[in-house]
Amino acid sequence: MANRFPLIVDSDTSTVKELPSGDNLDLTGNDAIFGDNDKAIFGAGSDLQIYHNGSDSRIQDLGTGNLNVQGDNLVLSNTSGNPYLQGVSGGTTALYYAGSSKLTTTNTGVDITGKATGDVTAENDGSFDLNSSNDFTCTPTGSITISFTNETVGQSGNILLTNTTPQVISVGADVFMAAGDLTTINVAGTYLMSYYCPDGTNVYLSTTPALTEGT
């Protein structure tokens, strides 16, 4: 028969407080069974808790520092083994849809399988908040001054401008546009403008000629 050691139990909470010094709790061939809302708790301040609440399984990091999940080959998958995410140390990280890789990081950027779509935001007053979207529509109902906020280095996108009346359009500080392009968009028409922010402050803006509908 294997050696048996007494456990010291808190009589108020019925929790195991300690094992004899230098000993381990060996459950080889057996399971540690936890009921709903019974927790495996780690850390002096109950920092890490693992439990099932009857509806969901939870891993909660309630202490200081980060919750680190580490591995040279890290896979997050469903119960059938189909991955949601797969990361390789020093290599690619891939996001999956229904078992197929759709976005993969590379040493030069990302590869996308299929198409990438984003929101299109209407900003009819000419003030474009780049936190809300990269692509916009703008149909001014009065004079506007084109400006940008919350710019990020390298951010770019498009603005579909419909200036039918036409309204008077100018550009604000830190927005650079060729004089000819600015003259163009002050004429009635629909224009596709493109912008680029190289430094997080200045935005460079250009436009197509007025667009016409094909027949």
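With respect to the stated conditions, Thr108 fails to be assigned to a strand (DSSP E or B), assigned by TED's automatic domain parsing to the domain that holds Val88, within 30 Å of Ser89 (Cα to Cα) and among the polar types (S, T, N, Q). Among the candidates Ala179, Ala188, which residue alone is assigned by TED's automatic domain parsing to the domain that holds Cys138, out of contact with any strand residue (DSSP E or B) (no Cβ under 8 Å at 6 or more places or on another chain), surrounded by fewer than 16 Cβ atoms within 10 Å (Cβ to Cβ) and within 18 Å of Ser143 (Cα to Cα)? Going through Ala179, Ala188 in turn, the sole match is Ala179.
What about Leu160, is it in contact with a Cys (Cβ under 9 Å, 6 or more places away or on another chain), hydrophobic (A, V, I, L, M, F, W, C) and either closer than 19 Å to Val120 by Cα or surrounded by fewer than 18 Cβ atoms within 10 Å (Cβ to Cβ) (or both)? Yes; evaluated as a whole, the condition is true for this residue. Of the numbered criteria (1) buried (at least 16 other Cβ atoms within 10 Å of the Cβ); (2) over 30 Å from Asn82 (Cα atoms); (3) not small (Gly, Ala, Ser), the one Asp125 fails is (1).
Would you check if Ser147 is among the polar types (S, T, N, Q), in contact (Cβ under 8 Å) with a residue 12 or more places away in the chain and loosely packed, with under 11 Cβ neighbours inside 10 Å? Criteria not met by Ser147. Contact annotation: residue pairs with Cβ atoms under 9 Å, 6 or more positions apart or on different chains, pairing a residue in the stretch 93-114 that is among the acidic types (Asp, Glu) with a partner that is surrounded by 11 or more Cβ atoms within 10 Å (Cβ to Cβ) and in a strand (DSSP E or B), are Asp111/Ser101; Asp111/Leu103; Asp111/Thr104; Asp111/Thr105.
The values are calculated or read from the model by the stated rules, or taken from the named source; none is laboratory data. Small disclaimer: the values here were computed from a predicted structure and weren't measured. Cβ coordinates were reconstructed from backbone atoms using ideal geometry, including for glycine residues, and neighbour counts include every protein chain displayed.
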